[in-house]
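Worksheet: one structure, shown below.
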Amino acid sequence: MASVIGQFLRRSSTLVRISCTVQARVASGLPHIQQYSSSSSSSTEEESMTSPEGGARMSKSMLAYQQRAEAHDKFMADQIAEYEIGRRHLANIMGEDPETFTQEDIDAAIQYLLPSGLFELTARPAMKHPSDVFIKKKAAEFDISGRPFHTFFYTGYPAYYQALHDLGKTMISLDQFANRMAHLKVENESQAFNCGGSEWVSKAELSNKFLEELHDKHYIFFIQSMNRLIEHPYSSRAQDFIMRFRKVVITTQNKEEIPKLMYTAEGIPYMTGSGKRKHTEATVTVYGRGSGKIEINGQDMRFFKVIQDREQVVFPLQFTNLLGKVDLVANVTGAGLSSSAGAIRLATALALRSFVDEHMREKMRLAGLLSKDFRVKERKKPGQKGARAKFTWKKR
Amino acid sequence: MATGVRVLFNDFRVPLRSWLTVNSAWGQVTGRARYSQYPPAYIKPVYLPAKLEELERSGDAKQLEYTPVRAAYNTHTSSVFHDPLVRKFTNHIMKTGNKCLARELVEKAFQEVKRVQLQKRNTAETEEEKEAIVCDPLKIFKQAVENGRPVLQLVPIKRGGVKYQVPVPITDHRSYFISMRWLKEAGREKERTIHFPEKLARELLAAARNEGRVVKKKQDLHRQCEANRAYAHYRWS
């Protein structure tokens, strides 16, 4: 029995070793650990343990550290086992194959079985993998003799400085490559890294990645250094390294399908678009082969008294050079003239997508015509005069 | 959570520090704004046709293929009658959100400028004189703003219990702002019988000729800066 326990503890302590970020010094430490784990299970009250081989003394703090690491690993292993059993049960309940039951399936199943209307998303019932639930701790950073594994341990932020070190090495290798290219007089197109569609991880995310509590100055310096790396003409060669610290902002399937033009009974092409701005909704039908007529709620442009609103209605037509070539019929509901104009503008722009080519569509997007303006009036908060304004501060 | 939908109100309620401009290699377009309702990744829209063409020519438009764009303001148009400087000036003149009135005042001022210039041109004798007179109010406005822009500003810096007025270089943005502010103030000065648009028109014409209150204010400021140049090093110590 003791040998079985001893074996288990040995295995768990090797887990502690193997989960380190840097290559563990296995050969030197293992025999000691084997001895200590088997002896620690029997007598924990003793102040310090001496190895039977007469090796280094292990202090109480080291022992406690060792025990904590083992306990944590055991705890995590138990939790993961429970999670796996739960996952399989859930798959059976839902009638799915337990082998291919992913986390998304679990989320969907929990949402179905335990529907919740709570506004606080983190308060809703959920079943996540234990490694997502429990705070990740760093594995043992030093061995039983107290010697740290990582060279940068004494900086206090070994993973962070390791990343900076790698960055420096990458820069040097890119410079060497550039020199070689220049020496061989090879003229390449700019192979700079394309930042589109991704952004830097936040400070919190970086801290989580490194499992180190970074300061603002650490984060700023890191981002500035990475920006310098990106500016290198051959930075696309270091794409893998850079993408470790960038998150993809836009999903790959971003290009939505543009609806095809529809035709009336007379054969006139038309398209409808709907747009919203604040609490106003507008539906616009754009008829091709027109003469520039504009109709808003049965009236003409005089629906808008202010010139700015009229300009807004006309903006997408003028931008796409279709001003006198299409007819516009708009229906707008809701209060607010300026927001009506904005809603009509968006609806028109969305309808005009079907009339124009890819290039013009991209230009419209860059001009902000195809983006919904989701700004609304911010609510008033209790204890304040308005959304942001506070009551008069009285010293006494 | 871990879905593709962004929970929009989470990101920006925390005030973002202005020194942290995390840029793309493309430049300041993706710099973080203070207190913006849009998430940081959203770039400002480029609605002027000339600017768009420049983007495409330089190849930067390709980089922005997958970057989300903010919605255009309701003061943005690609019309030839639109000018960004006039837009800024109108906003500056506007009081308590009365954009209609602000726009009317600016347009009336421009009309007045044109009227005065046309009168001058019609009364001019030689062809050369006629051609020399600029009738475009937009050109006169831009010239007036340029002539009113200071190069330095005075900043109160406390040293040893005394507040000194130290001359300090001014940013472009601020210099435009100060010039426009002086024009507005000049338009609001004492004469009660003459309304704002006419006064403003007068000031614009004067400033375009390098005369008038606005240019005088700029020259006074420069003189003061010159007088206080002994304190210039207080900027650093």
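The values are calculated or read from the model by the stated rules, or taken from the named source; none is laboratory data. The structure displayed is predicted, hence computed values, not measured ones. Neighbour counts run over all protein chains shown; Cβ positions are idealised from the backbone, glycine included.
When region A:169-219 is filtered for residues that are away from chain B (no Cβ under 14 Å) and assigned to a loop (DSSP other than H, G, I, E, B), the ones remaining, listed by number, are A:Leu184, A:Lys185, A:Val186, A:Glu187, A:Asn188, A:Leu211, A:Glu212, A:Glu213. Counting only residues that are exposed (fewer than 14 other Cβ atoms within 10 Å of the Cβ) and among the charged types (D, E, K, R), region A:287-331 holds 5 of them.
Let's see how each residue does on (1) more than 30 Å from the chain's Cα centre (by Cα); (2) crowded, with 22+ Cβ neighbours inside 10 Å; (3) more than 13 Å from every other protein chain (Cβ to nearest Cβ):
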residue: A:Thr333; (1), (2), (3): yes, no, yes
residue: A:Ser340; (1), (2), (3): yes, yes, no
residue: A:Ala343; (1), (2), (3): yes, yes, no
residue: A:Leu346; (1), (2), (3): no, yes, no
residue: A:Ala351; (1), (2), (3): yes, yes, yes
residue: A:Val356; (1), (2), (3): yes, no, yes
residue: A:Arg361; (1), (2), (3): no, no, no
residue: A:Leu369; (1), (2), (3): no, yes, no
residue: A:Lys372; (1), (2), (3): no, no, no
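One line per residue, one yes/no per condition, for (1) away from every other protein chain (no Cβ under 11 Å); (2) touching a Lys or Arg at 6+ places or on another chain (Cβ under 8 Å); (3) in contact (Cβ under 8 Å) with a residue 24 or more places away in the chain; (4) not acidic (Asp, Glu):
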position	(1), (2), (3), (4)
A:Ala282	yes, yes, yes, yes
A:Tyr287	yes, no, yes, yes
A:Ile296	yes, no, yes, yes
A:Glu311	no, no, no, no
A:Leu322	yes, no, yes, yes
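Could you please find all residues in region A:220-234 being surrounded by 17 or more Cβ atoms within 10 Å (Cβ to Cβ) and more than 8 Å from chain B (Cβ to nearest Cβ)? Scanning region A:220-234 gives A:Phe222, A:Met226, A:Leu229, A:His232, A:Tyr234. Taking the conditions exactly as written (part of a loop (DSSP other than H, G, I, E, B) and acidic (Asp, Glu)), does B:Glu125 satisfy them or not? So B:Glu125 passes the test. The criterion of at least 3 residues that are farther than 27 Å from B:Asn98 by Cα is met, among strands (runs of 3 or more DSSP E) falling completely within region A:272-361, by A:280-287, A:327-333.
I'm trying to understand the selection: among the residues of region B:53-82, which are acidic (Asp, Glu) and either in the same structural domain as B:Ala201 (by TED's automatic domain parsing) or over 27 Å from B:Phe141 (Cα atoms) (or both)?
The initial filter retains those residues of region B:53-82 that are acidic (Asp, Glu), namely B:53-54, B:56, B:60, B:65.
Within region B:53-82, B:Glu56, B:Asp60, B:Glu65 qualify.
Does B:Thr90 count as at pLDDT 95 or above, part of a loop (DSSP other than H, G, I, E, B) and either in the same structural domain as B:Arg174 (by TED's automatic domain parsing) or surrounded by fewer than 16 Cβ atoms within 10 Å (Cβ to Cβ) (or both)? Spelling it out, it is not the case that B:Thr90 is at pLDDT 95 or above, part of a loop (DSSP other than H, G, I, E, B) and either in the same structural domain as B:Arg174 (by TED's automatic domain parsing) or surrounded by fewer than 16 Cβ atoms within 10 Å (Cβ to Cβ) (or both). Taken over region B:59-98, residues that are more than 16 Å from A:Gln308 (Cα to Cα), within 12 Å of another protein chain (Cβ to nearest Cβ) and free of Cβ contacts under 8 Å to residues at least 12 places away in the same chain amount to 5.
Here's the yes/no breakdown for (1) closer than 17 Å to B:Lys142 by Cα; (2) assigned to a helix (DSSP H, G or I):
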{"position": "B:Phe177", "(1), (2)": "yes, yes"}
{"position": "B:Glu198", "(1), (2)": "no, yes"}
{"position": "B:Asn210", "(1), (2)": "yes, no"}
{"position": "B:Lys216", "(1), (2)": "no, yes"}
{"position": "B:Asp220", "(1), (2)": "no, yes"}
{"position": "B:Gln224", "(1), (2)": "no, yes"}
{"position": "B:Ser237", "(1), (2)": "no, no"}
